[in-house]
Amino acid sequence: MAAANHSPSSPYSCAKDSGPVIPTTSLVTFLERVQETAFQTYERSKFDHKDFIDLSLKFDLSTTVKAFDEISKTENGSVSTKDFEEFIGKWFKSAGEDLVYVEPMDFETEPYGFLPKVENPEVRAWALEVHGLWKKLSREVSSSVHDHPELHTLLPLPVPGMIPGSRFREVYYWDSYWVIRGLLASKMHETAKAIVTNLISLLDTYGYVLNGARAYYTNRSSQPPLLSAMVYEIYNRTGDVDLVKKALPALLKEYQFWNSEIHTMIIHDAENCNHSLNRYYAMWNKPRPEASAIDKRFASKFLNVNEKQKFYRELASTAESGWDFSTRWMRNPSEFTSLSTTTILPVDLNAFMLRMELDIAFFAKIVGDDAIAEDFLTASHTRKKAFNSVFWNENMGQWVDYWLNYGAEPKEPQTWEAQNQNQNVFASNFVPLWIDLFNSDTPLVEKVTRSLQSSGLLCAAGIATSLTNSGHQWDFPNGWAPIQHMIVEGLWRSASTEARKVARDIAERWIRANHVAYKKTGTMHEKYNVEKCGEYGAGGIYRPQVPFHLHIFLA
């Protein structure tokens, strides 16, 4: 691939059941002990593991560890609720205190030109209420994080930004794309640019955009790569060439990361062509610190250390996908410990990589670097061919994930086999519609639209994530706004009257469900039950979160 000239070899290596793992910080290691004690002290229903890994120290670590070791504990390691809560109150600041409220720099109560096509008075009033939530989600990192980073798991960021809300107190990667789309609809261009600035700072510091702005993500994984799409949307709205110039070197670095050996596999197709495609693969084989106590319980069924490490890597890799968790990643849909995300070439990840290649080519043209533009345009067309050869299933009229042969090495091409296509229906099978190279092909769009209509995913309140009701939050009957948005936008951008009609119908169902739920609860939710209009979703290992302003079609 010509674009490889701009992607030097990565320092990472890959073995079958092990791989690059960078040691965690001493603070994170200690907080995992605190989290384990909380797990044993409280009833599980009253326990959120993340709260304890997000605590900030009031005093230095060694003094705090000494005090913790002196708490009276039972044989199983638990302490009384009274003693534990007294210890937490004395030695820690509450989770979230390391972020402070800041007035958004460009917020207006009713921006000029806000949603001009929305005429219904009730819907318009609701949209303005949701717009007002930006003031509740605006944060900057406290001075203590900058001055004493050793006391915090929160990472210092250069400028204020927006957080998703509730337990997600820090910046998250792929969520930020939809935050930015909402901010642009709210005419908050400078705040949108600030989010990109923070993500670029993470990329420059760590070599990739972290899953989130916490110390426990620095040695593990990224999330679906949408930074180029964020820059594109801002440029498309503002024409800010300086932002493009600032972002392009960072995007080239991110492209290198995603094309490092651990993230790529080669598929040899029936026409004797090799295709280099991407997978999720976390640089981690231990419990995820933010869910350490729970991960250890799941891993307890494995007696072999190597099996535990492999399972932990699969957990972290699934978190990297953003779809945590779903039967999509399981060899056995009824067994959570059969997660095998690293042995899957995901349709949506490769669609995001295609989008990145197209965006980089576009940005390079803007700044006058025709060589990079040509290389990445060639790379995008090469990947489009791979979609046709590896992911496309003609009988289904969908693009489907591809299972890798177990134990395969990245450098060894695997021969494409039809039986390795995952023919289960997931909403991700339709995400390529979001890419203009696909939605500009009208006959293809109409075939995929008919497939979507007959798939079973379309429900009363939107698109279900899968057809399997597993209890996991990225399965039926839950619907998530990013999925609705990408599919709807892809259908709407096409020239097909049929596809555009379906897009409008899905959008209206989703917005209606959001509106009904908002009237009942007074807030936005991260996921919704698409079987029942106005009910938010369930499942997963944490309680449904609010306010999640990003998850609405403000754009």
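The values are calculated or read from the model by the stated rules, or taken from the named source; none is laboratory data. Keep in mind the model is a prediction, meaning the values are calculated, not measured. Note: ideal-geometry Cβ built from the backbone for every residue, glycine included; neighbour counts use all protein chains shown. Accessible surface is based on the protein model in full, side chains and every heavy atom, while ligands, DNA and RNA are left aside. Shrake-Rupley method; radii C 1.70, N 1.55, O 1.52, S 1.80 Å.
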When the accessible area of region 425-554 is split by element with a 1.4 Å probe, what percent falls to carbon and sulfur? 50
Which pairs break 24 Å Cα to Cα here: Lys136/Lys253; Lys136/Lys246; Lys246/Lys365; Lys187/Lys532; Lys82/Lys301; Lys136/Lys532? Lys136/Lys253; Lys136/Lys246; Lys187/Lys532; Lys82/Lys301; Lys136/Lys532
Can you tell me the FRET efficiency between Glu412 and Ser338 if r is taken as the Cβ-Cβ distance and R0 is 35 Å, rounded to the nearest 0.05? 0.90
How many nm is it between the label spots at Val100 and Ser440, if each spot is 7 Å from the Cα in line with the beta carbon? 4.9
Using the crude model of +1 on Lys and Arg Cβ and -1 on Asp and Glu Cβ, and no other charge, please compute the dipole size for region 187-315 relative to its Cα centre, in debye to 20. 640
So which chymotrypsin sites (Phe, Trp or Tyr not before Pro) in region 399-464 end up in coil per DSSP with only 15 or fewer other C-beta atoms within 10 Å? Tyr406
Stokes-Einstein D for region 292-338 (20 °C, 1.002 mPa s, Kirkwood Rh from Cα pairs), in µm²/s, comes to 195
Debye calc, one equal point scatterer per Cα of region 166-290, no solvent, log10 I(q)/I(0) at q = 0.14, 0.15, 0.16, 0.17 1/Å comes to -0.67, -0.75, -0.83, -0.91
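With the full set of protein chains in place, find how many percent of the accessible area of region 168-304 is carbon and sulfur; take the probe as 1.4 Å.
Numbers: 1820 of 3790 Å².
Looking at region 168-304 in its full context, I get 48 percent from C and S.
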Linear extension gain, Asp269 paired with Ser26, 0.36 nm per residue minus alpha-carbon span: 82.8 nm
Note to self: with every protein chain in place and a 1.4 Å probe, the chain gives an accessible area per residue in Å² of 39
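Provide the FRET efficiency to the nearest 0.05 for the Glu85-Glu150 pair, computing r from the beta carbons and using R0 = 35 Å.
Details: r = 25 Å, r/R0 = 0.71.
Computed FRET efficiency for Glu85 and Glu150 comes out at 0.90.
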Simple spin-label estimate for Asn120 and Glu140 in nanometres, 7 Å along Cα-Cβ: 3.9
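If R₀ is 51 angstrom, what is the calculated FRET efficiency for the pair Phe59 and Asn388, using the beta carbon separation as r and rounding to 0.05? Before the final figure, lay out the partial values.
On the way: r = 60 Å, r/R0 = 1.17.
The formula returns an efficiency of 0.30 here.
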Keeping all protein chains in position, work out how much accessible area Lys286 exposes to a 1.4 Å probe, and write it in Å² to the nearest 10. 90
